[in-house]
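The values are calculated or read from the model by the stated rules, or taken from the named source; none is laboratory data. Nothing here was measured: the structure is a model prediction, and the numbers come from that model. A quick note on method: Cβ atoms are made from the backbone with ideal geometry, for glycine too, and the neighbour counts reach across all protein chains shown. Side chains are part of the model used for accessible areas, which takes the heavy atoms of the whole protein and leaves out ligands, DNA and RNA. Shrake-Rupley method; radii C 1.70, N 1.55, O 1.52, S 1.80 Å.
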Amino acid sequence: MKTLLLTIALVTLTLFAAAQEQTPPPDGQHHTFLDELLGKMTGRWKLTGTIRGQSVEHAVEAQWTLSHQFLQVHEKDVATPPGYEANVMIGYDNTSERYVAHWLDIYGGRVSETLGYGTRSDDQIEFVFEYPDGPFHTTFRWLADKKQWQWKMRTKNSAGKWVDFADLTLTPLAQ
């Protein structure tokens with residue numbers, strides 16, 4: 001009986017110690033990511049505009065996830081059959097004082113290896129993705145007077161000149 005009680009006590013202490021190791025440290029290493037600008041992107045949106053000169057309409061839904069460390073943006077083409085789909089995870093690196101974006105989409109792992117790093121200026125965040133075939137800029141701009149988001153994307157063409165890739169507007173859907 002003593003052996004059973006001792007075993008239960010040791011297992012309980014081991015589980016308690018393991019749980020303590022997984023708890024975020026109280027020394028400021030774990031911060032809740034609070035960003036009033038990105039917070040305006042939470043909710044459901046209708047995305048319209050052009051990508052490579054072609055008209056598009058996508059559904060977008062954004063919500064905080066992973067203990068409020070990332071804004072998860074899910075974008076999906078509403079066409080039948082559906083085309084483009086992406087999950088974008090946007091966070092903030094307190095050490096480097098910059099935003100980070102993980103853009104995961106239907107083009108697979110190779111393209112998703114590149115992280116975007118962003119800086120904020122007023123009501124916009126500009127991300128730079130350094131892809132193997134050249135840089136790509138994505139700017140999220142909050143249009144406060146319209147309560148809309150504008151997403152502009154630019155890339156360098158084969159001649160090394162910056163060209164528009166996408167010009168998109170997010171309009172809120174009824175919640």
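The table for this structure:
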{"item": "Residue list for the range 137-175, restricted to those being within 26 Å of Gly43 (Cβ to Cβ) and either in a loop (DSSP other than H, G, I, E, B) or modelled with pLDDT under 95 (or both)", "result": "Ala144, Asp145, Lys146, Lys147, Leu173, Ala174, Gln175"}
{"item": "Candidates Glu85, Glu113, filtered to the one that is without any contact (Cβ under 8 Å) to a residue 24 or more places away in the chain, open to solvent by 80 Å² or more (accessible area, probe 1.4 Å) and acidic (Asp, Glu)", "result": "Glu113"}
